[in-house]
Every structure is written in C-alpha cells, then in structure tokens.
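**Student:** Take this structure first; my questions come after.
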2 protein chains.
Amino acid sequence: MRDCPSRYAAGVNLRPVGAMPLSGQIHRQLMDAILDGTLTGALPSERELAETFGANRHAVREAIKRLQQARLVEVQQGGATRVLNIPDHAGLDLLPELVAGPGRLNHEATTGVLELRACIGADAARLCAERSPGVGAALLDLLPDAAMPDAELAAGSAAYWTALVAGTDSLPYRLALNTLLAGLDAIGDSPAAKDFMTALREESRRADELEQIAHAIRRGDAPAAGETARRLLNSSIPPR
Amino acid sequence: MRDCPSRYAAGVNLRPVGAMPLSGQIHRQLMDAILDGTLTGALPSERELAETFGANRHAVREAIKRLQQARLVEVQQGGATRVLNIPDHAGLDLLPELVAGPGRLNHEATTGVLELRACIGADAARLCAERSPGVGAALLDLLPDAAMPDAELAAGSAAYWTALVAGTDSLPYRLALNTLLAGLDAIGDSPAAKDFMTALREESRRADELEQIAHAIRRGDAPAAGETARRLLNSSIPPR
DNA sequence: ACTGATTGTCTGGTTGGACCAGTAACCCTA
DNA sequence: TAGGGTTACTGGTCCAACCAGACAATCAGT
C-alpha cells in the first residue's frame, strides 16, 4: 500500500509519518483512480476491492462512504457502485483534490480557483463595506509587513481575507472561502507550483492595496472596496 | 428511528418510501444535531452511539466517516471525536443542509446562496463571453417559453446556466454551480420558501434578459454579458 | 509536597465471518 | 419468442473479537 501523500499530513491533524488509517489509504487510491480516469463505470464489488487492497470489506466500505459523500460515486443496494461524471455531479469541495491530483499539479484547475477567488473575494469586499464598515479598522491591523517571512505572510493573508469575509455576515461566503483556501493550500510547494506561489506571495505583500480596501470598507464605500479587491486578486491570475 | 426526510428521497436515486440505509439515517440525525447546535464538543463514543441508535457500531462508523468527509467532525484514534466549528472548517458543499436544516428553512443562508449565485453567475457570463462566444447561440435555444409549466421552467433555467458555465471552460466554476444548484434545490416547496421560489420563477421567465446575455456572449461582449447577468440574478435576492 | 513514570481503561481502527435485502441475469417454461 | 421464476451476485447490517493510540489516575522517587 502506498505511502501517505504529504498533502494529507499537512493539515491540523498530524499523524506519525506514513500512518494513515487503512480506510483513508483506500479512499485516496480510489479517489486518485477516479480523478485520473483510471476508474470509470462500475466499481469492482466491495469484496473484490477488499481482496485486491488486502484489507477487510469494512475498511473498503468506509472509503466508499466518503466517495459517496463527495458525490464521486453512486451506490445502490443490490446493484453496482458506479463512478459519477465529475463535472455533472461533484461539488466545489473537490477542489483540493483537483488542484493537486495524484502526483501532478493541475494548472487549469488552479487557475480556475484563482479566478473564483477573485470573483468571490471582490464581492465579499463589496458586501463587507455595505454591512460591516467596522471590520475595516480591524483589517488595518492585519496588513502585511515588508519584513515578514513567507510563512507568516501566508497566514496573515488568510487572516485578512477571513476577517473580511466574516464581515459579509454570510455563512455561505465564509464556507466558500474555506473551500477556496483549501484549494490554494493544495497547490503546495512542488516545483511545478512555483509560478503560482510567487504570484500569491507578491499579492500578499501589496500592503498599499490591502490598506485601500480596508479604508474603503471603513467608510462604507462598497464600489471602491469591490473594485480595488478585484484588481488586487486579479494580479495572481496567470494570463491565459 | 425517524423517517426519511423528503428532501433526501427527491434526488436521482429514488428509494422505497421511508427506506434509507441505517447508516444514512444515523448520518442525518447526527448532522441535524450538529447543525442546530444540539451536539457540540466531543461526540459520545461510537459504542455509546451504536447503543442509543439501536444499531451496530459499523453503521455509526460509516455515518461518522461522512461527517468527517464534510469536515463537520474531527476524529482521532484513541481520542474523542469532536464537532468542528462550522464557519471555520466546513466547506461549501454544506449549503444544502444549511439551507434546509432540520424542519426549518434558513433565510439568511438561502439569501447568501442567492448572493453567491449572482456573484459567480455574472462572472461566469463574463468569462463565457470571453472564451466561448459560440455558446451564445446554444443559449438562445434554451430560452424559456411563456407557456412553460413551472417544473419545465426550473429545468430549463438549470440547463441554461449549466451551458453558460460550461462555456467558461473552468471546472471549478462548474463545480461551484453544482453546489449552488444543490443548495437552491434544498429550498424545496415548504410554505416558508414561497417568496424565494416565486422570485426564482419570475427570474426564470425573463426571456428578454436571458436573450440579451446570450447575444452579448455571442458577440464576445464580456462586460455586457456580466452586467446583464448580474442585474438579472440580483432580482432574486430579497432586500436585507 | 511535588514531579515523573507506570498502568489501566477509555477511545477509535481493523478483522473475520455470518446473514439479510435488494438487483440482475440467466434459464426454463408456456 | 415472451413470460416468469430461480439463482448468483450486489450492497447493508450485525456480532464478537482484538489491535493501537490517548488519557487520566495512580504510585514511586525525589
């Protein structure tokens, strides 16, 4: 059974290196096989999968339950479990897997995430200015410092946008941010991701524009907040 | 054990009335308890839950696996399984559950979904005009007819926006649409949802504006497509 | 009295095997 | 050849263990 991919040990919940629960390893293998098109149509039966994975059927079932929750497969008692068409059925929470698939980095998906982020982030800035001008002052305390190391910079950027989105008073926007940030986290530090990461770092360092947004929010100037945010976020989107 | 909520039998996969797998029923109960704040902090142990639900521990485990996949709980071997803070951890795929929680309709969440839809839909129209002007012609065939019954109207609207978003050539936008449509589906036909539904139906009937968008896309006029879409989609957002 | 290792008991993780409950394909009949 | 019934397969559930990690209470050494 293959090792635990690094991107899975990177979360809040660290585990001893290489120690992912069996059902988690099976889940990952099946997910990877579905994403790269190796696995289509009907899945092998749970009993077969258990045998090929050298695991118990229960472990396989737990893995499949998660695929089902992500709407990657459709399971029916008595019938076969089938792989669903991703564009038609999958939800946005698939982004992290999509961005950093098995081994590779998906440039198109990553670009899409950045575009979506620009779209939603700008709208969030607009709504925040309309509804929570008070957040503007708090944002001024979250501006980056030129001397900040990269890690701190990324954390600060996440904190800034999280606070801004919280100012929309809209849970859906908040959840969308979570999903997008998870997608961006998945970009990781592979050499293939270098361009994306440098662009994002540069964006995070633009204290002047982040400050402009904060001021626009503070004075309730929704259009200015939205447009400035849009301009800033667009700077990280690679040209097509 | 409580009956299968109607919104769960409404999907593609119909089941005999009242027949949801046991692990699914448990999943629903736990999810509802988490969403309405009844269940916080540490969950009871799997063995306890199995006993209180009158089910086997495996059924409970499968339910918990799905909660874990939705990032509603955090589970750690040896330690307790804990409920995660929703705004901080949950992903956008939670929308359907959020909109139509246990028994109630969440107006704030529903409004948020509509706002997010307007934001993303408008941007998708813009991108579609930039990248796939050819889609404009196809959209003209998907315009609503004044004589259409409501059900057909809703299906047609979904088809229109799906085609438009497909024109962005961006899987993330496509997935976002799936998630948002799932959220809107969850609004359902409860009396409390009447205002939302009538607004959405009215929007779907605005053939002229849908046609304007299609034409703007056909001639590659991204700003016009985006602004018209934004105006149209805004019409379904209730005033604050 | 305080600190620190130890131990027991709690948690989730995994296994095996058995049986129930649907589905679907096959075969046999009319 | 069309119909229905048998049968072999699918997923769903259960029981009864045992493994492995976490945690708290306990007891020894200082």
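**Student:** If you scan the range B:84-94, which residues turn out to be outside any helix (DSSP H, G or I) and either near DNA strand C (Cβ under 10 Å from one of its atoms) or buried (at least 20 other Cβ atoms within 10 Å of the Cβ) (or both)?
**Tutor:** B:90, B:91
**Student:** I'd like to know if the range B:50-71 contains one or more residues that are touching a Pro at 6+ places or on another chain (Cβ under 8 Å), within 12 Å of chain A (Cβ to nearest Cβ), part of a helix (DSSP H, G or I) and not small (Gly, Ala, Ser).
**Tutor:** No, the range B:50-71 has no match at all.
**Student:** Out of everything in the range B:179-195 that is touching a Ser or Thr at 6+ places or on another chain (Cβ under 9 Å) and within 11 Å of chain A (Cβ to nearest Cβ), what residue ends up being farthest from residue B:237 (Cα to Cα)?
**Tutor:** B:179
**Student:** Filter the range B:178-195 down to the residues that are outside any helix (DSSP H, G or I), of a type outside the set (A, V, I, L, M) and either in contact (Cβ under 8 Å) with a residue 40 or more places away in the chain or in contact with a Phe, Trp or Tyr (Cβ under 6 Å, 6 or more places away or on another chain) (or both) and list them by number.
**Tutor:** Within the range B:178-195, B:188, B:190 qualify.
**Student:** Moving to a separate point now. For the range A:2-51, what are the residues that are at pLDDT below 90 and within 12 Å of DNA strand C (Cβ to nearest atom)?
**Tutor:** Matches in the range A:2-51: A:4, A:13, A:15, A:19.
**Student:** While we're looking at this one, here's another question. Looking only at the range A:196-240, count how many residues are part of a helix (DSSP H, G or I) and among the charged types (D, E, K, R). Working first, answer last.
**Tutor:** We begin by selecting, within the range A:196-240, every residue part of a helix (DSSP H, G or I); these are A:196-204, A:207-218, A:222-234.
Imposing the further condition that a residue be among the charged types (D, E, K, R) reduces the set to A:201-203, A:208-209, A:211, A:218, A:227, A:230-231.
Selection size over the range A:196-240: 10.
Conditions tested, residue by residue: (1) within 14 Å of another protein chain (Cβ to nearest Cβ); (2) touching an Asp or Glu at 6+ places or on another chain (Cβ under 9 Å); (3) free of Cβ contacts under 8 Å to residues at least 24 places away in the same chain; (4) closer than 24 Å to residue A:112 by Cβ.
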{"position": "A:152", "(1), (2), (3), (4)": "no, yes, yes, no"}
{"position": "A:165", "(1), (2), (3), (4)": "yes, no, no, yes"}
{"position": "A:170", "(1), (2), (3), (4)": "yes, yes, no, yes"}
{"position": "A:176", "(1), (2), (3), (4)": "yes, no, no, yes"}
{"position": "A:206", "(1), (2), (3), (4)": "no, no, no, yes"}
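**Student:** Of the residues that make up the range A:96-112, is at least one closer than 24 Å to residue B:174 by Cα, of a type in the set (Val, Ile, Thr), in contact with a Phe, Trp or Tyr (Cβ under 9 Å, 6 or more places away or on another chain) and surrounded by fewer than 22 Cβ atoms within 10 Å (Cβ to Cβ)?
**Tutor:** yes
Listed here are the residues, each with its yes/no results for (1) acidic (Asp, Glu); (2) under 26 Å from residue B:185 (Cα atoms).
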{"site": "A:35", "(1), (2)": "no, no"}
{"site": "A:43", "(1), (2)": "no, no"}
{"site": "A:49", "(1), (2)": "no, no"}
{"site": "A:68", "(1), (2)": "no, yes"}
{"site": "A:79", "(1), (2)": "no, no"}
{"site": "A:88", "(1), (2)": "yes, yes"}
{"site": "A:120", "(1), (2)": "no, yes"}
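**Student:** Another question about this same structure. Sort through B:172, B:144 and tell me the only one that's touching a Leu at 6+ places or on another chain (Cβ under 7 Å) and either surrounded by 21 or more Cβ atoms within 10 Å (Cβ to Cβ) or among the charged types (D, E, K, R) (or both).
**Tutor:** Testing whether each residue is touching a Leu at 6+ places or on another chain (Cβ under 7 Å) and either surrounded by 21 or more Cβ atoms within 10 Å (Cβ to Cβ) or among the charged types (D, E, K, R) (or both) leaves just B:172.
**Student:** Continuing with the same structure: Could you list all residues from the range B:72-109 that are at the interface with chain A (Cβ under 8 Å from one of its Cβ atoms), within 15 Å of residue B:31 (Cβ to Cβ) and hydrophobic (A, V, I, L, M, F, W, C)?
**Tutor:** Those that are at the interface with chain A (Cβ under 8 Å from one of its Cβ atoms), within 15 Å of residue B:31 (Cβ to Cβ) and hydrophobic (A, V, I, L, M, F, W, C): B:86, B:90, B:94, B:95, B:98, B:109.
**Student:** While we're looking at this one, here's another question. Of everything in the range A:114-141, what is outside any helix (DSSP H, G or I) and buried (at least 17 other Cβ atoms within 10 Å of the Cβ)? Give them in sequence order.
**Tutor:** Scanning the range A:114-141 gives A:132, A:133.
The values are calculated or read from the model by the stated rules, or taken from the named source; none is laboratory data. It should be emphasised that the depicted structure is a prediction, and the values quoted were computed from it without experimental measurement. Positions of Cβ are backbone-derived with ideal geometry, glycine not excepted, and every protein chain shown enters the neighbour counts.
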